[in-house]
1. Checking the conditions here, which among 252, 322 is surrounded by 24 or more Cβ atoms within 10 Å (Cβ to Cβ) and closer than 22 Å to residue 219 by Cβ?
2. Search the range 92-113 for residues being closer than 25 Å to residue 333 by Cβ, out of contact with any strand residue (DSSP E or B) (no Cβ under 9 Å at 6 or more places or on another chain) and not in a loop (DSSP other than H, G, I, E, B), and hand back the single one that is modelled with the lowest pLDDT.
3. Can you list the helices (runs of 4 or more DSSP H) found entirely within the range 234-311 that contain at least 2 residues being in contact with a strand residue (DSSP E or B) (Cβ under 8 Å, 6 or more places away or on another chain)?
4. Just checking, which of 141, 128 is among the acidic types (Asp, Glu) and surrounded by fewer than 18 Cβ atoms within 10 Å (Cβ to Cβ)?
5. Does the range 126-136 include one or more residues that are at pLDDT 95 or above and among the acidic types (Asp, Glu)?
6. Can you tell me which residue within the range 34-58, out of those that are among the β-branched types (Val, Ile, Thr) and within 24 Å of residue 282 (Cα to Cα), is surrounded by the most Cβ atoms within 10 Å (Cβ to Cβ)?
7. When you check residue 40 against the structure, is it assigned to a strand (DSSP E or B) and either without any contact (Cβ under 8 Å) to a residue 12 or more places away in the chain or closer than 30 Å to residue 154 by Cβ (or both), yes or no?
8. Hey, among the residues in the range 174-185 that are crowded, with 18+ Cβ neighbours inside 10 Å and either free of Cβ contacts under 8 Å to residues at least 12 places away in the same chain or more than 15 Å from the chain's Cα centre (by Cα) (or both), which one's farthest from residue 240 (Cα to Cα)?
Amino acid sequence: MITGRFVEPLGLITGPVSFHALREGFALPLQGGDIAFAFVRLIEDGEDLGVGPIREVPEDWQEAMHAIAQRPAPFAGLPADGPLVMGVINVTPDSFSDGGRHAQAEAAIAAGHAMLEAGADMLDIGGESTRPGAAAVTAEEEIARILPVVRELAKAAPVSIDTRNAATMRAALDAGAEIVNDISALRHDAQALQLVAQAQVPVVLMHMPGDDPATMQALATYDDVAVQVAGFLRDRIAACEAAGIARGRIAVDPGIGFGKTLDHNLALIDRLPLIASLGCRVVLGASRKRFIGRLSGVEEAGQRMPGSVAAALAGAARGASVLRVHDVAETVQALAVWRACNIGASQAGD
């Protein structure tokens, strides 16, 4: 059972309307940004208490509601004025998304530089496939795959290391990586939490039922997936803070495709503002996932670029701060147009 209170922002508004709604007190800014919310759903101990306008929220819920309007610290020191793009590089022979195209260090490094030229703000490098049912690799194998790639690309941009293993985290950080991205939210390896705390680096905490990709889909059972994912992430944030990791160094990821069905994935994207209400930057990794293939009828992951861009924009419109994508150039272009359409031509320029 999920205990505690959650305030879920609803009635999202952008553009000139949001400016007037904010000025007149009919809305609040979601995480201090350009998206405003005019309504909220109050949830206590997993029970939906109802939806209402922000002006009618009971006094004892006001502090929690207004906390959602505060802008979190810039993640990893990067700009916070719009969604950031994180380019994905899988240095694995069995990646679901690219069929092992970047398994060799030279190919992975070249792909990373191409993503940066296309506008990526940071790169996420992984050496273990985490697709549903994927077999684990040893930390030694993982380190051998990622180390030359991290060492080279860290010279050019902020690098995130996508791993569950503390030994890999340590090796990557020593090689220049600046961010840890753990699909197990620092639960898989008993040493990971303290390592990240001591290193004082930003961390991405992702939701996954259990801590093993090989078994996660068997655990895809929820009463209310958004509330349960939010509750899990809230508890992991608390565990990190207790270990000495400041909230400003934490980002959260709802784990699209990790122990989720199609309906779960769509519900989580739709209700991203609930995840944002936790007070941390939200990372969305929907790129090329199986649910996009099911919705579009496209079986080959590498052909799911249009659907991936659509999912990224849906996330951006709901408060995602970092978009983890394979198709960087297309996402960057789409975001530029999306921003201009939302803020209006007068601010976007000719």
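1. Working: 322 fails: closer than 22 Å to residue 219 by Cβ.
When all the criteria are applied, what remains is 252.
2. 107
3. Because the criterion is at least 2 residues that are in contact with a strand residue (DSSP E or B) (Cβ under 8 Å, 6 or more places away or on another chain), the helices (runs of 4 or more DSSP H) in the range 234-311 that meet it are 272-276.
4. Working: 128 fails: surrounded by fewer than 18 Cβ atoms within 10 Å (Cβ to Cβ).
Just a single option satisfies the conditions, and that option is 141.
5. no
6. From the range 34-58, those among the β-branched types (Val, Ile, Thr) are 35, 40, 43, 51, 54, 57; that's our starting set.
The next check asks that each one be within 24 Å of residue 282 (Cα to Cα); those that pass are 35, 40, 43, 51, 54.
On the way: 35: 22, 40: 26, 43: 23, 51: 12, 54: 24.
Filtering the range 34-58 for residues that are among the β-branched types (Val, Ile, Thr) and within 24 Å of residue 282 (Cα to Cα), the one surrounded by the most Cβ atoms within 10 Å (Cβ to Cβ) comes out as 40.
7. Judged against the criteria, residue 40 is not a match.
8. First, the residues of the range 174-185 that are crowded, with 18+ Cβ neighbours inside 10 Å: 175, 177-185.
So of that shortlist, the ones also either free of Cβ contacts under 8 Å to residues at least 12 places away in the same chain or more than 15 Å from the chain's Cα centre (by Cα) (or both) come out as 175, 177-178.
Details: 175: 24, 177: 20, 178: 17 Å.
So, considering only residues that are crowded, with 18+ Cβ neighbours inside 10 Å and either free of Cβ contacts under 8 Å to residues at least 12 places away in the same chain or more than 15 Å from the chain's Cα centre (by Cα) (or both), the one farthest from residue 240 (Cα to Cα) is 175.
The values are calculated or read from the model by the stated rules, or taken from the named source; none is laboratory data. Because the structure is a prediction, the values reported are computed rather than measured. Positions of Cβ are backbone-derived with ideal geometry, glycine not excepted, and every protein chain shown enters the neighbour counts.
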